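The values are calculated or read from the model by the stated rules, or taken from the named source; none is laboratory data. Everything numeric in this text was worked out from a predicted model, so none of it was measured. Cβ placement follows ideal geometry from the backbone for every residue including glycine, while neighbour counts extend to all protein chains displayed.
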Amino acid sequence: MPRNPLKRLVGARRQSAGEGAPAAPARTPRYGVRVETRHRRVRRQRDRGREAFLARVVNDWWDRLISAVFGGKFSEQTEQYLAHQTKRDYVCNTLGQAAWGSLFPLLTMVATWLVGAEQAGLFSMAFTVGTLLLFLANYGVRTYQVSDLDEMRSFLDYQINRFATCAVMLAVGWLWCQIRGYDAEMFSICMGVLVFRAVDGLADVYEGRLQQKDKLYLAGLSQAARCVLALVAFSLALLVTHSLPVASWAMAVGAVASLLLLTAPLAFFETDRSMPATLRGVRELFVECFPLFLALFLYNLIDSVPKFAMEGALSYDNQLYYNAMYFPAHSILMVAGFIYKPQLVRLARIWDDPEKHRRFDLLVLAMIGVIALVTGAMALFMATLGIPLMSLMYGLDFEQFRGLCLVMVATGGVCACIDFLYQIVTVLRAQGEVSKLYLIAFAFSVPVAMLLVSFSGLAGAVVGSLVSMAILLTLLVMEYLSIRRKASRAL
């Protein structure tokens with residue numbers, strides 16, 4: 001023991017704490033030597049754990065896929081993911097819908113940066129045609145499929161239906177290009193986009209199967225992966241080649257890869273084995289869903305009429321401006337879909353109970369109120385930060401279109417209400433009643449768009465879109481009230 005009383009006291013305390021020998025004095029690290037603190041070490045371990053998790057998920061999926069391919073038994077794989085995961089459904093469906101909705105604007109931004117506004121407008125027109133014909137590929141079956149709770153139609157029936165509609169879509173797209181007389185460049189761009197959209201439509205039937213089995217979160221992840229892969233393939237191809245046809249076909253190849261490696265296997269692995277297909281089942285799907293297809297196709301046609309009117313009268317850069325202004329409005333439609341689409345199966349169950357019809361009406365009114373609030377919030381955002389942000393992202397001046405941007409936001413709110421009411425009518429199984437309303441609105445939209453575009457150009461196209469959609473919404477509200485009155489009398 002040291003003779004100094006202070007040193008004896010310090011030594012006693014160290015021994016009582018169990019430290020034994022005195023600790024070595026702290027040394028100042030040499031210049032340039034990095035000292036790893038506890039915080040850095042924990043963060044590095046956490047990052048390594050995340051990387052290990054992602055690698056493990058990918059490796060496990062690849063092993064599962066390879067074993068199924070060589071075993072030849074996709075439908076006999078053991079399910080590994082749980083159903084009835086409401087929180088995951090909302091989060092992952094939101095992720096998938098956000099990726100799907102933002103894909104078009106991101107693609108046009110990339111095209112604008114790399115090949116200019118005129119070429120980006122050309123691509124926008126091709127994507128408009130592809131999106132319109134996507135409704136032909138989907139044939140209005142998704143909502144019908146996910147609300148088929150008793151599985152009156154087998155999954156094979158739905159698959160055969162979708163393969164047929166996708167083939168028809170590609171044939172109609174090719175015919176449209178021939179009728180329009182597009183040159184070789186525009187024809188190649190259109191066909192690349194059409195193949196991408198056909199794969200998108202084909203993947204929808206597998207994602208619908210996952211939603212039908214209450215695994216919507218898996219469908220959302222599949223959709224997000226397809227969109228991300230398509231965006232990356234398009235961007236890299238355009239960056240390297242500066243060729244829109246090459247980039248469009250690269251996007252299509254990316255979509256095919258995601259379908260074969262993720263979407264289709266996921267549906268087979270994580271759902272029950274399908275009952276055999278029947279000719280009657282496939283035929284009845286075409287018959288029963290035709291009103292749904294007609295309504296959706298006409299809706300998108302009404303939405304696209306101003307773009308087709310501009311194609312013959314204005315330069316292609318106007319297509320870019322129109323679509324860029326519509327993207328913020330389209331986000332209203334997306335947000336509304338995030339809220340109500342995961343609940344379609346539950347809404348169908350509520351409607352099946354006659355004692356809950358009043359609750360069903362209250363939910364419809366509440367959703368329309370939510371859409372109105374979202375529209376107001378988007379208008380406020382566009383009036384303050386939105387327009388400067390758009391100018392920054394595209395590298396173009398959108399301040400000159402401030403008034404048109406706000407008109408387009410109003411159009412987005414109207415479109416969100418239309419889409420929601422269409423889904424509700426499908427749940428009510430009264431889809432045959434609304435097809436005539438879309439025909440009436442389409443008959444109004446064509447002359448309105450042609451006249452306004454010829455008189456006012458781009459501004460006429462924007463105003464014409466709002467007028468046409470307002471007419472359609474008015475007709476749908478009147479029809480919904482009529483359907484509910486008939487249902488009340490039947491009780």
Discussion item. Condition check: aliphatic (A, V, I, L, M) and more than 26 Å from residue 97 (Cβ to Cβ). Does residue 170 satisfy that?
Written reply: no
Practice prompt. Could you tell me whether the stretch 222-232 includes any residue that is over 22 Å from residue 137 (Cα atoms) and in the same structural domain as residue 262 (by TED's automatic domain parsing)?
Written response: yes
Discussion item. Testing residue 157 on (1) touching a residue at least 40 places away in the same chain (Cβ under 8 Å); (2) more than 21 Å from residue 213 (Cβ to Cβ), one condition comes back false. Which one is that?
Written reply: (2)
Worksheet item: Among the residues of the stretch 83-121, how many are in a loop (DSSP other than H, G, I, E, B) and surrounded by fewer than 16 Cβ atoms within 10 Å (Cβ to Cβ)?
Response: 3
Practice prompt. Have a look at 272, 204, 214 and point out the one that is acidic (Asp, Glu), over 26 Å from residue 186 (Cβ atoms) and in contact with a His (Cβ under 9 Å, 6 or more places away or on another chain).
Written response: 214
Worksheet entry | Set 337, 312: member being among the small types (Gly, Ala, Ser) and either outside any helix (DSSP H, G or I) or without any contact (Cβ under 8 Å) to a residue 24 or more places away in the chain (or both) | 312
Item to complete: Confirm whether residue 42 is at pLDDT below 70 and aliphatic (A, V, I, L, M).
Response: yes
Discussion item. Going by what's in this entry, would residue 171 be described as without any contact (Cβ under 8 Å) to a residue 24 or more places away in the chain and either closer than 27 Å to residue 339 by Cα or aliphatic (A, V, I, L, M) (or both)?
Written reply: yes
Worksheet, complete the sentence: When restricted to 231, 136, 175, the only residue surrounded by 18 or more Cβ atoms within 10 Å (Cβ to Cβ) and more than 18 Å from residue 292 (Cα to Cα) is 231
Response to the item:
Within the stretch 434-456, the residues that are surrounded by 21 or more Cβ atoms within 10 Å (Cβ to Cβ) and polar (S, T, N, Q) are 445
Fill in: Some residue of the stretch 345-363 being closer than 25 Å to residue 304 by Cα and within 19 Å of the chain's Cα centre (by Cα)
no
Discussion item. Against the condition surrounded by 12 or more Cβ atoms within 10 Å (Cβ to Cβ) and touching a Phe, Trp or Tyr at 6+ places or on another chain (Cβ under 8 Å), how does residue 347 come out, does it pass?
Written reply: yes
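Rundown of residues vs (1) in contact (Cβ under 8 Å) with a residue 12 or more places away in the chain; (2) more than 30 Å from residue 66 (Cβ to Cβ); (3) not hydrophobic (A, V, I, L, M, F, W, C), yes/no style:
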site	(1), (2), (3)
257	yes, no, no
270	yes, no, yes
281	yes, yes, yes
287	no, yes, no
291	yes, yes, yes
296	yes, yes, no
303	yes, yes, yes
Worksheet entry | Cβ pairs under 7 Å, 6+ apart, first in the stretch 215-239 and closer than 19 Å to residue 97 by Cα, second of a type in the set (Phe, Trp, Tyr) | 215/81; 218/81; 223/100; 227/100; 230/196
